[in-house]
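Visitor: My questions will all concern the structure given below.
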Amino acid sequence: MRKTPEERLMEITLPDRELWAQGISFAGIDEAGRGPLAGPVSAGCVVMPPEPLIPGIDDSKKLSEKKREALYDKIMETAIFARVGLASVEEIERLNILEATRLAMTRAAEGAPCGLFLLDAMGGVLLPGEQRSIVHGDALCYTLAAPYIQAKGNSDRPTPQLEDEHPQYGLAERKGDGTDTRIESIREARLCPQHP
């Protein structure tokens, strides 16, 4: 039986409410941009308050682009702390995508007012406190669903400068997933500096 939005909100906030009840200040960290063919990898770090809860925050795979954009604005208005960290194309090439993702997460967490960091199936990140990795965390935990929406919202913002510099790749939108069109444009025009 399908859950109502209220039931789903109570379900996804269960881990958060347990930590809030203990008086623990904690952040969620997740990344966006490991799949795209161009541009930096971004990570979001958020500290969400127990109230008000934002209905609709959920596993990003269940959300439309329009819904994610609306939730992005609500998260940015509501969060106690919200920061995005980036790792550049050059850093991805030098470190590899996994280590560059960890670097972006470290940068996102700078200044977070907490001692516990929840991560979505990730470990080994240099953070100023305890870290806990939760597999499928963005589907199980409100504070882990929120930073992906935040990082994805930042990652998908249009970047007209890239389009001006490299019009053949369709980089005006930073949704650089490996579509057939984008892969064909790389075959024809070769890689540009924004492709790691």
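The values are calculated or read from the model by the stated rules, or taken from the named source; none is laboratory data. In this text the structure is predicted, and so the values were computed from the model without any measurement. Cβ coordinates were reconstructed from backbone atoms using ideal geometry, including for glycine residues, and neighbour counts include every protein chain displayed. Side chains are part of the model used for accessible areas, which takes the heavy atoms of the whole protein and leaves out ligands, DNA and RNA. Shrake-Rupley method; radii C 1.70, N 1.55, O 1.52, S 1.80 Å.
Visitor: May I ask you to derive the FRET efficiency for Gln22 and His136 from their Cβ-Cβ distance with R0 = 22 Å, giving the value to the nearest 0.05?
Guide: 0.45
Visitor: Rank Arg132, Arg2 by accessible area, highest first, at a 1.4 Å probe radius? Write out the running numbers ahead of the final one.
Guide: Details: Arg132 95, Arg2 215 Å².
Order by accessible area, largest first: Arg2, Arg132.
Visitor: Now a separate question. What full-extension length gain, to one decimal in nm, is calculated for Arg94 and Lys61 as 0.36 nm per residue of separation minus the Cα-Cα distance? Don't skip to the end; give the middle numbers.
Guide: Values: separation 33, 0.36 × 33 = 11.88 nm, distance 3.01 nm.
Using 0.36 nm per residue and subtracting the Cα-Cα distance, I get 8.9 nm.
Visitor: Just to check I understand the Karplus step: with θ = phi - 60° and J = 6.51 cos²θ - 1.76 cosθ + 1.60, what whole-Hz values come out for segment 41-55, glycine and proline as x?
Guide: Result, ordered by residue: 9, 10, 10, x, 10, 9, 10, 9, x, x, 9, x, 7, 9, x Hz.
Visitor: While we're on this one: Sort the following peptides by mean Cβ neighbour count (other Cβ atoms within 10 Å, averaged over residues), highest first: 53-61, 18-26.
Guide: Those peptides, ordered most packed to least, come out 53-61, 18-26.
Visitor: At 0.36 nm per residue, and after removing the present C-alpha to C-alpha distance, how many nm does the segment from Asp73 to Met10 gain when stretched out fully?
Guide: Separation in residues times 0.36 nm, less the Cα-Cα distance, equals 20.6 nm.
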